[in-house]
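Notes to accompany the following structure.
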Amino acid sequence: MTINADRAPQAGYIAQVGAIAWHAMARLVRAPSHSRRADARRAMARRWLGLSVLAAIVIGVLMFAVDVAVITRMPARGTLSLWPLRHFTDLAKSEYVLWTLAIVLILVLLILPRLTGVSRANLTALGLRLQYVFLAVLVAVLTSEVLKYIIGRSRPFVGGEPNAFNFSHFAGNAAFESLPSGHATTAFALAFAVSALWRKAVPVMFTYAVLICITRVVLLAHHPSDVVGGALTGVIGAMAVRYWFAARRLGFSIRSDGTIEPLSGPSWAGLKRVAREAFAP
């Protein structure tokens, strides 16, 4: 039997892609190993409690005193001058964000077998961090969808009149999926995850997240309290995934006080080297 010489390298490449993907999944589900994970869990629980109490107070105040007053002052739906906001707000559409991250992860997976040495290590480190960002957004979005279904709060002006207390629990109707805001959840989960890895990104990412929240209110897609609830859901979801990674020593370390810090990742110079090697003829 003769072997096609052109197919042997291809088979080896496919096997490498499969092995890399398997290893990437296996390390996420392995048993936690960090000796300080209990400290990190307690610190995270305290932050969750503080954020939840603060958000509950803010949401309550907004629902009783602010929501109706704000949405009645917004431009009517379909106002032509709002078209830039309608395009900008899509930057936090969960499908767009998750598919973009998934495509980048697939590209990383396909390029890795072509690399060796330092370049491969740099791209592997980047891939791990992209995994964290993807899962942080995914977990937050799925949590948001469950909460929307359970809470069943109406969007502004459903029924024709502004009503901050119009609920239809477990309705499964898009008109009653206002709290928490899905766009706000996605934006704040993405902002927290990226900022947790790259601290210099904090101003840009959280400015983006706040602007997304403003567009949701101006476009009459949500009440102000909805976007606060979405922001809380996004941050808590991303925090939970960060703890999961840190407990397994993946991309993060845990300090003696339970604070989770990012491990040093690939530099821009290292990533440029990866690009040169990956796309070299």
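The values are calculated or read from the model by the stated rules, or taken from the named source; none is laboratory data. None of the values given here were measured: they were computed from a predicted structure. A quick note on method: Cβ atoms are made from the backbone with ideal geometry, for glycine too, and the neighbour counts reach across all protein chains shown.
Data overview
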| item | result |
| --- | --- |
| Hits in the stretch 146-180 (condition: among the acidic types (Asp, Glu) and closer than 11 Å to HIS222 by Cα) | GLU177 |
| Qualifying residue in the stretch 192-201 (condition: over 20 Å from THR100 (Cβ atoms) and touching a residue at least 12 places away in the same chain (Cβ under 8 Å)) | yes |
| GLU177 without any contact (Cβ under 8 Å) to a residue 40 or more places away in the chain, within 30 Å of MET63 (Cβ to Cβ) and among the acidic types (Asp, Glu) | yes |
| Yes/no for ARG249 being modelled with pLDDT of 95 or more and either at positive phi or in contact with a strand residue (DSSP E or B) (Cβ under 9 Å, 6 or more places away or on another chain) (or both) | no |
| Filter result (in contact with a Cys (Cβ under 8 Å, 6 or more places away or on another chain) and not aliphatic (A, V, I, L, M)) within the stretch 199-243 | GLY230 |
| Search result, residues across the stretch 116-167 that are of a type in the set (Ser, Thr, Tyr), surrounded by fewer than 17 Cβ atoms within 10 Å (Cβ to Cβ) and closer than 22 Å to GLY229 by Cβ | TYR149 |
| Counted residues, the stretch 168-180 - those being aromatic (Phe, Trp, Tyr) and surrounded by 24 or more Cβ atoms within 10 Å (Cβ to Cβ) | 0 |
| Selection status of GLY172, farther than 30 Å from ARG199 by Cα and not basic (Lys, Arg) | yes |
| Residue selected from the stretch 63-103 under the condition among the polar types (S, T, N, Q) and free of Cβ contacts under 8 Å to residues at least 24 places away in the same chain, by the criterion nearest to TYR132 (Cα to Cα) | THR100 |
| Some residue of the stretch 160-169 being closer than 16 Å to ASP67 by Cβ and either touching a helix residue (DSSP H, G or I) at 6+ places or on another chain (Cβ under 6 Å) or among the β-branched types (Val, Ile, Thr) (or both) | yes |
